[in-house]
Amino acid sequence: MADHPNLIIVRHPLLSDRLAHIRAKDTQPAEFRRLLNQVATLMIYEACRHFETREQQVETPMEFTTVSVLSHEIVVVPILRAGLGMIDGILSIIPETKIGIMGLYRDEITLKPIDYYRNLPANMANMDVLLVDPMLATGGSASAAAATLKKCGARRITMMSIIASPEGTEVMRRDHPDIIIYTASLDRELNEKGYILPGLGDAGDRFFGT
Ligand code: PRP
Ligand code: URA
């Protein structure tokens, strides 16, 4: 795999412990949902680390002081379905964020993404856009979603995934070298059906219990 300067693997004992449980095949949907949101909560701090801030004045009960606030509004864009599973965790930290939706699924044979729904805020040019999907496998869905976001005006996009493959991160490096990707794990490889190994299986099916 080529060097990927924009791939950041978030490492933390709590995160690796939660990830261990989420991978386990016996973890049932109710627990899987709870864990997915916990992982998103733990990761969101890191995923916003490079966001720009600006100084402003605030009056405390004691005096005026200079504080640092986010420069840009944030919009979180989950990729349906599984990306929805990270939203509550993210909102627990940044409840004021806007939410856009991208509906994509992989064709089971070609593994190419099929675009079926889109609802994005206007004026994304001046926002920090956080594209979220637990799985970055072939990279087809993330790359297509990022291309759509750019066409709709987004200029600063960050991706947050939970498990990424070498193949998917390489596709993102090639197609969107400007996008920083935060992930909790860079797994070994894809199998012949495009599933990540060791991975966690089908994130959407496990989250929705289908
Ligand atoms: C999963 C996952 C990603 C996509 C990743 O969605 O949530 O969106 O696969 O695979 P890729 O990197 O090879 O594109 P899926 O297509 O299974 O749809 P679902 O979430 O609705 O089940
Ligand atoms: N989508 C998933 O949900 N899991 C994988 O391993 C690959 C794509």
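No lab work stands behind these numbers, since they all come straight from the coordinates. Just so it is clear, the structure is predicted and the values come from calculations on it, not from any experiment. When we count neighbours, we look across all protein chains shown, and the Cβ atoms used for this are built from the backbone with ideal geometry, even at glycine.
A few points about this structure:
- Here GLY139 meets each of (1) within 17 Å of the chain's Cα centre (by Cα); (2) at negative phi with one exception, condition (2).
- Being in contact (Cβ under 8 Å) with a residue 24 or more places away in the chain and either among the small types (Gly, Ala, Ser) or surrounded by fewer than 21 Cβ atoms within 10 Å (Cβ to Cβ) (or both) is a description that applies to PRO121.
- Identity of the residue in the stretch 128-148, touching a Pro at 6+ places or on another chain (Cβ under 8 Å), near ligand 1 (Cβ under 6 Å from one of its atoms) and not acidic (Asp, Glu), that ends up farthest from ARG18 (Cα to Cα): GLY140
- Filtered residues of the stretch 102-126 (kept if within 12 Å of ligand 1 (Cβ to nearest atom) and of a type outside the set (D, E, K, R)): MET102, GLY103, LEU104, TYR105, THR110, LEU111, PRO113, ILE114, TYR116, TYR117
- None of LEU104, LEU80 is under 13 Å from the mean Cα position of the chain (by Cα) and under 27 Å from GLY153 (Cα atoms) except LEU80.
- Selected residue (criterion: surrounded by the most Cβ atoms within 10 Å (Cβ to Cβ)) from residues of the stretch 160-185 that are of a type outside the set (Val, Ile, Thr) and part of a helix (DSSP H, G or I): GLY168
Residue-by-condition table, conditions (1) more than 29 Å from THR53 (Cβ to Cβ); (2) more than 11 Å from ligand 2 (Cβ to nearest atom); (3) outside any loop (DSSP other than H, G, I, E, B):
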site: ILE114; (1), (2), (3): yes, yes, yes
site: ALA122; (1), (2), (3): no, yes, no
site: ALA125; (1), (2), (3): no, yes, yes
site: VAL129; (1), (2), (3): no, yes, yes
site: ALA145; (1), (2), (3): no, yes, yes
site: THR158; (1), (2), (3): no, yes, yes
site: GLY194; (1), (2), (3): yes, no, no
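- Count - residues of the stretch 173-210 that are free of Cβ contacts under 8 Å to residues at least 40 places away in the same chain and within 9 Å of ligand 1 (Cβ to nearest atom): 3
- Here ARG173 meets the list (1) under 17 Å from HIS4 (Cα atoms); (2) out of contact with any His (no Cβ under 6 Å at 6 or more places or on another chain); (3) away from ligand 2 (no atom under 13 Å from the Cβ) almost entirely, failing just condition (2).
- Those strands (runs of 3 or more DSSP E) lying entirely in the stretch 52-110 with at least 3 residues free of Cβ contacts under 8 Å to residues at least 12 places away in the same chain and surrounded by fewer than 17 Cβ atoms within 10 Å (Cβ to Cβ): 53-59, 64-70
- Only one of the numbered conditions (1) crowded, with 16+ Cβ neighbours inside 10 Å; (2) of a type in the set (A, V, I, L, M); (3) in contact with a strand residue (DSSP E or B) (Cβ under 6 Å, 6 or more places away or on another chain) is not met by VAL39, and that is (3).
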